[in-house]
Amino acid sequence: MLLWFLALPLPALASVDKTLGVSPALLSKYSAPKSGSWKCLDGSKEIPWDFVNDDSCDCPDGSDEPGTSACPNSTFYCQNAGHIGATIPSSRVNDGLCEPECCDGSDERPGVCRNACKEIGEEYRKKRDAERKIQKTGAKIRSSYIAFAHKEKKRLEALVESSAAEIAVREKEVARLRVIAERTESLSAAALEHKQQSRERPLYTSLMSHASALKALQREHKKHLEREQQLGDILDTLRKGYNPNYQDMAVLEAVRGWEYLAGLPHIGVEEDAQKAADLSVSDEEAGIAETGDEKKDDEVAETDEEEWTAEDLKTGLDELLNTDYVSLLMAHDEHVKTPPPSTLFNLRGYLPDSLVPQYEEMRETLLSWLGVFGIAGTDVEKSSDSSKARTALSDAESALNKVISDKKNAEEDLGEIFDVQGFGAEGEWKKLDGQCLQLDSGDYIYEVCLFDEARQKPGPGKGGQTFSLGKFSSWNPSPDVKPGEPAYYEKQVYDRGTRCWNGPERSVILVLKCGTENAIHTVAELEKCEYQFTGTSPALCLPLDAKDSVREEL
Amino acid sequence: MQPWATLVGVITLLLAAPDVLAVKSHDFKTCSQAGFCRRGRALSARAAEAGGKWKSPYSIDSSSISISPNNAVFTASVKSSIYPEIHFGLELRVHEDGVVRVRMDEINGLRKRYDEAASWALIAEPKISQDISWTTGKKDIRAKYGNNEVVVAFEPLTVSLLRGGKPQVVLNGRGLLHMEHLRSKKIEETKTEEAAPQAEEGVEDQAVADQAVLKTEEVNPAAWFEGDTEDDWWEERFSSWTDSKPKGPESLSIDISFPSHGTIYGIPQHATKLALPTTAGDSPFFTDPYRLYNADVFEYLASSPMSLYGSIPILHAHSTDSTVGIFHAVGSETWIDVSHASEKSTETHWISESGILDLFLMPGPTPADVFAQYSTLTGTPVLPPHWSLGYHQCRWNYVSSDDVRTVQRRFDEEDMPVDVFWLDIEYADEHKYFMWDDKNFPDPVEMTNDVAANARKMVVIVDPHLKRTSNYPAYQEASDRKLLVMPASGEGEFEGWCWSGSSSWIDFFNPNAWDWWKSLFKTTQLKSGWSWTLSTTDIHIWNDMNEPSVFNGPEISMPRDNVHHGGWEHRDIHNINGMLFSNLTSRAVQERTDPPQRPFVLTRSFFAGSQRFGAMWTGDNLGTWEHMAVGISMVLSNGIAGMSFAGSDVGGFFGNPEPDMLVRWYQVGIFNPFFRAHAHIDTKRREPFLLEQPYKGIIKDILRLRYTMLPIWYTAFRETSVTGVPVLRPHYVMFPKDPKGFALDDQYFIGNSGLLVKPITSKGTIETTVYLPEDEVYYDYFSHHVYRGATKGKDITVKAELDQVPVFVRGGSIVPTRERPRRSSPLMKLDPFTLRVSLSKAGSARGDLYLDDGVTYSHEKGQFVWREFTAQTAKKTVRITTRDLGVEKKDAAVDGVALVSYNPSNVFAETIKEVRVEKIVVEGLSGKPSSVKAEGGEELIWEFAAGVAANGKGEGVASVLTIKDPRVLIVKEWAVIIQL
């Protein structure tokens, strides 16, 4: 439909070589056609051969102008003799800038850029050699990581094996003890029946409800303490960080209120006081200290001697809750010469399954600890036969569970070691599991414990608190990167850290490249509470030959 | 809660705005919370109540009239019947261009009133007309000049500007003129409460009540006019602040009516429509007057008469047969009520806190005339450095020099053009501007050089608050030299809070501050003191917070009783303050080099005259569709008030715009004169390269579109810099006689290029209506589709999918573009042009192109290229040719310079002598050409796609002739002949 009207040959243009900017792979397509008519590379159009590289765009795909900037979005190939050839966007052709990518200057009008390929090439090779050296050293370290992973694998396999054997033994033991316990209990079942019907029942029931009430209180108390701590942290940050911006009375009141409650001086006052303190101890500071002390005294005075102190609550409550009520009751019964009761009661029954192993572990520790101090020992000895049997059973069960869980963990670890989404296909990251890297920025120390958590700690000599910047969540999450590719391991994401008081939960992107050390080099908060760490690790240093062959092809 | 806060709360509820509006309205005064505004509105209410009985107490003593020898100026003394002992002086002068200046001041008053506002705003003392003669009659004094006449009536005093006998502007027609004279505070007399019970007793008896009123009048003869209470005369409280008001009441009220004009524009900056909605009269759109009091309003409302960051007291009154303007040179807080007595008339009431009456009446009669008249007074917008018309990438904050480098690298990897990277306040150690935070910016000069290596620039923020610490040279030197604003006591340094904590502010009203401030920006070591050696001349400056913003001050600004140089209170000069800061910064940047180079300084606060120095933006907008839309009318409004180099932050400062909103915002941005993306520190990063496809690709195309159009923008800026006609032209400016266009503020023209744009500012839009104001063809910029307007105007419906922004070329235009994408605009310097010839119905077209080196002032010495391109159809021949406007209009080429000679082969022209036209596209031809030749040359290579002809009837895709590489040069004469 469209016709080109070509009357006479064109006046000679500051003529450009038809193959200027053509990459070696396409050179064959840029030779004078016999017909004089040339087809755009996408086949969409036929144009006179003269139109190629005439600095006027004719082909929709831009293929007629490999050597000029006439077509947007096309590319220019610089041969860069003495260095490595490169492809640059057509937007950089004839723009007057001499970019190092096109060191031969072929993309510019003659005389604009000198050929700098010699220096640039040399510099490039020097840099590449240095990088290679690092990579070589790094790769050695990396291979030691891989060796570690294999050793670790063997260790874990052995552990799984030995655990399996132990489990078999312990299962038998548990079965044996269960028979004994059940037999003992059936003997005392009658006694229990009696007990439950008797006048002792209210005491038992009451004890049970006290126990569960205490348990609930302990849980709530802990929750509140944590909440208070968090609120305190938030308010501390607000107090230190707020800007008297816009005279926001609500913020000011919150800050003042917190200062009053926590016995802190007003933030401005404190600064003034500090200034004054350079010369002498200011009254205000002295006042502050006094206020603090008074408050403590008050707290002490308020406490009844009979009542538990906050410290008692913290340390003693668990102990109290671990009381073997059954044993106590039995002991009590023995004392008042009533038939010894028995019970099926077991604190374990009150716990969700997931907590049982922990509970068992704790109970064990506690009991042995109590035993050491001779507190619980007599009680245990005094306890009834059925209780003793039950204890022996549950001890055996918890020992079994521990071995099972060890085995399970070992199996999981085994699965992860050579998982591409875990410690890498070669297990090169296993060695670094939990290793902590730090960077001291002056105000803060940034730390990342690999595969665990990133943190911001106050710098040396600086006050303040430690914030979690997030827990390890994944490798490079970009949809453009496939697990297992080198780029996949160049990024780690740590997220769900402590929430910023007026922002998101803190998070870290850890960007790593090959280096001989495991280290963080820079930390930047690119968005509020979203950090970028950059660093190096030998785990990223692939053996040279593999990478080299790729390089030489360029 | 404070009572007023409760009140505000109640009002907010009453307005029942469904959205949670974040603006802290209670931080800012309403008219009723400002003593003088309350008094001014009360005066207006008393006048309205009195109706026809109301008579202004001000009159001229005709015996006092004195006419200057050259006849253009007269003075007279003015008396007020309520204060016979007080004297006022009136002066009227008519300028060469017909502008009438009306000045009234108190004579021999208790104190001098502030009368220097005009001296900061005016570019020079205006020339007085040589052919005016005043005729003094019994009732008035009048002067006729041309079709205009100015009439000053003696009693009551009114000033009227007439054209063809028809009143255009009337001052004091409603009798609201009141200059509260300076007075001494009376010792409070203990008033007996007897009057009150008396009045109560007489409630049912009207006669007694009247008696009581009469009695009061006897006590205070001014009460009928001024009211009978000393309402906030001597002290004023707002929130927790007390304004000591040592001078007492000194406000100024004046009514300005436009009996023949039904639409008014101007008095920026407010977030509202271009055609100003009413604030008074029957069911006003806003309940408060428009306020001019430069303020840092956090998360401002998208529709409100509230004050914003800058103030320009200029108004256009417009009708189908005339446009007039008024400019009130007042620097104190000013409130303006707007109402319409009829559809065809407008009344305004101006209430200022202090100062003199200094009004300029601009007679028009066309919008272009008013722009010229206003430009003669306050100057034209400056021709900016060319690169500053490119894309500006900003964020609070790029956190380190490596961050800046990475952002630059990412732009280049995506091949997206950008010219400027910006650094907000966090670059500065403890917000001590100039002082790099060397942890994150250890290598500022190298960083700037890395940016400059790609022909780009950096803009770095410098705010006017100086951290009060002795290790900060800027503060220490200012303190040593006593250049800081003083507190109410008039001694020492005012201390307030801003980003830098405890801070003080430079007093730019003190001339000693000027050279010192300039010296800070020198990039070389100075003997005289500190200078910014860790910078380069590739760094330009952003002035923010210059309202001034004071976090702990009343209305987030300075106490009004602070004292400036010359003993003036802050209240007297508040609205001018921000302008001086950015003006001086602009000079400082200009004078870093010898010869000087064009500075780029962005300011948030501005006043009349700021256009001479740089760019402004609409401040801290929100990432909402409403803000995107109002941003356009704000930029238009700023433009007609002189500030053409304006833009709103792309993306919205606050919030995280969805990708579709961001796309639309970029479409708005590329059609703003100043095009910058910016984001708050709490937002997610949103640089265009971070987006997913298709958004990333769409924005890349949008950015590139802006760059192809840079020749259009720069050419438009040249014209604006000479004529003052804004770069963005609303319909009433282009088609003043078409009433259907008066209220249009969502579509506009770019310079005289013929481009009409209507950016989309609503979610999910797929089509929109565009108004075509004339019987002419308009071509879709992208599809070449022809639309036909009508003599009485016509709405057309066009597609507007997310990747489409409605842009049209008015038939009769030749649009020059540069179509080759580059990384930054200076790299386009030698690129060829594409000419798009969009034929009118009559088969003609024209357009111009202006080029210079873009950075120096060599254009003032004639080093530029200014061409006109025309197309004419005669018989069966279309002739496209070019003329050298530099030769033909050398005296009108450059602002402020009448060149004696112009050399077409000047130094600049030589640098682009090989730049050619690589393509000519002609749309709307009536048929396929038989030949296309360069005049006197060979047949050219061309292709023709048949389609609709401009002179035909149908709509649809236009016929398009594409001439490949006509081998003609921009700086040379040539013609292309199309034979049909």
Quick check on region B:469-505: of everything there that is small (G, A, S) and not in a loop (DSSP other than H, G, I, E, B), which residue is nearest to B:S557 (Cα to Cα)?
B:G496
When you scan region A:480-487, do you find a residue that is away from chain B (no Cβ under 14 Å) and either within 30 Å of A:L231 (Cβ to Cβ) or modelled with pLDDT of 95 or more (or both), even just one?
no
Considering each residue of region B:484-523, count those that are farther than 16 Å from B:A474 by Cα, within 14 Å of chain A (Cβ to nearest Cβ) and open to solvent by 10 Å² or more (accessible area, probe 1.4 Å), and give that number.
1
In region A:477-503, how many residues are among the polar types (S, T, N, Q) and crowded, with 19+ Cβ neighbours inside 10 Å?
2
Within region A:165-172, identify whether any single residue is surrounded by fewer than 19 Cβ atoms within 10 Å (Cβ to Cβ), farther than 30 Å from A:D17 by Cα and more than 41 Å from the chain's Cα centre (by Cα), and answer yes or no.
yes
Condition first: within 28 Å of the chain's Cα centre (by Cα) and free of Cβ contacts under 8 Å to residues at least 40 places away in the same chain. Can you find one or more residues in region B:513-528 that meet it?
yes
Return the total of residues in region B:749-802 being open to solvent by less than 20 Å² (accessible area, probe 1.4 Å) and in contact with a Phe, Trp or Tyr (Cβ under 8 Å, 6 or more places away or on another chain).
17
B:F613 passes all but one of the listed conditions (1) open to solvent by less than 20 Å² (accessible area, probe 1.4 Å); (2) under 17 Å from B:F717 (Cα atoms); (3) not aliphatic (A, V, I, L, M); the exception is number (1)
With respect to the numbered conditions (1) more than 14 Å from chain A (Cβ to nearest Cβ); (2) at pLDDT below 95, which one is the sole condition not fulfilled by B:K439?
(1)
Among the residues that make up region B:97-104, is at least one of them touching a helix residue (DSSP H, G or I) at 6+ places or on another chain (Cβ under 8 Å), assigned to a loop (DSSP other than H, G, I, E, B) and open to solvent by less than 10 Å² (accessible area, probe 1.4 Å)?
yes
Among the residues of region B:559-581, are any within 14 Å of chain A (Cβ to nearest Cβ) and touching a Phe, Trp or Tyr at 6+ places or on another chain (Cβ under 9 Å)?
yes
Could you go through region A:527-545 and let me know if any residue there is part of a loop (DSSP other than H, G, I, E, B), within 21 Å of A:D440 (Cβ to Cβ), within 14 Å of chain B (Cβ to nearest Cβ) and at pLDDT below 95.
yes
Quick count over region A:71-97, residues being at the interface with chain B (Cβ under 10 Å from one of its Cβ atoms), free of Cβ contacts under 8 Å to residues at least 24 places away in the same chain and open to solvent by 10 Å² or more (accessible area, probe 1.4 Å), is 6
For region B:830-842, give me the residue count where each residue is surrounded by 21 or more Cβ atoms within 10 Å (Cβ to Cβ) and over 18 Å from B:V917 (Cα atoms).
1
Of all residues in region A:465-489, how many are in contact (Cβ under 8 Å) with a residue 40 or more places away in the chain, farther than 11 Å from A:E453 by Cβ and either aliphatic (A, V, I, L, M) or in a loop (DSSP other than H, G, I, E, B) (or both)?
3
In this structure, does B:D415 turn out to be of a type in the set (D, E) and open to solvent by less than 30 Å² (accessible area, probe 1.4 Å)?
yes
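Could you tell me whether A:G463 is surrounded by fewer than 20 Cβ atoms within 10 Å (Cβ to Cβ), within 28 Å of A:V255 (Cβ to Cβ), more than 14 Å from chain B (Cβ to nearest Cβ) and not polar (S, T, N, Q)?
yes
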Of the conditions (1) open to solvent by 70 Å² or more (accessible area, probe 1.4 Å); (2) modelled with pLDDT of 90 or more; (3) farther than 30 Å from A:N53 by Cβ, the single one that A:E182 does not satisfy is (2)
For residues in region B:926-963 being within 14 Å of chain A (Cβ to nearest Cβ) and within 42 Å of the chain's Cα centre (by Cα), which is most open to solvent (accessible area, probe 1.4 Å)?
B:V957
Out of (1) within 28 Å of B:E413 (Cα to Cα); (2) open to solvent by 50 Å² or more (accessible area, probe 1.4 Å), what's the single condition that is false for A:S35?
(1)
Out of (1) over 25 Å from B:F674 (Cα atoms); (2) out of contact with any strand residue (DSSP E or B) (no Cβ under 8 Å at 6 or more places or on another chain), what's the single condition that is false for B:D507?
(2)
Matching strands (runs of 3 or more DSSP E) fully within region B:304-344 where at least 3 residues are under 30 Å from B:W568 (Cα atoms):
B:323-328, B:334-339
Those residues of region B:626-655 that are within 16 Å of B:Q393 (Cα to Cα), more than 17 Å from the chain's Cα centre (by Cα) and in a loop (DSSP other than H, G, I, E, B) come to a total of 3
Of the residues A:A262, A:A213, A:A289, which is surrounded by fewer than 16 Cβ atoms within 10 Å (Cβ to Cβ), more than 27 Å from A:G503 (Cβ to Cβ), of a type in the set (A, V, I, L, M, F, W, C) and at pLDDT 75 or above?
A:A213
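The values are calculated or read from the model by the stated rules, or taken from the named source; none is laboratory data. What you see is a predicted model, and the numbers here were worked out from it, not measured in a lab. Every residue, glycine as well, gets a Cβ built from its backbone with ideal geometry; the counts of neighbours run over all protein chains shown. SASA here: full protein model, heavy atoms, side chains in, ligands and nucleic acids out. Shrake-Rupley method; radii C 1.70, N 1.55, O 1.52, S 1.80 Å.
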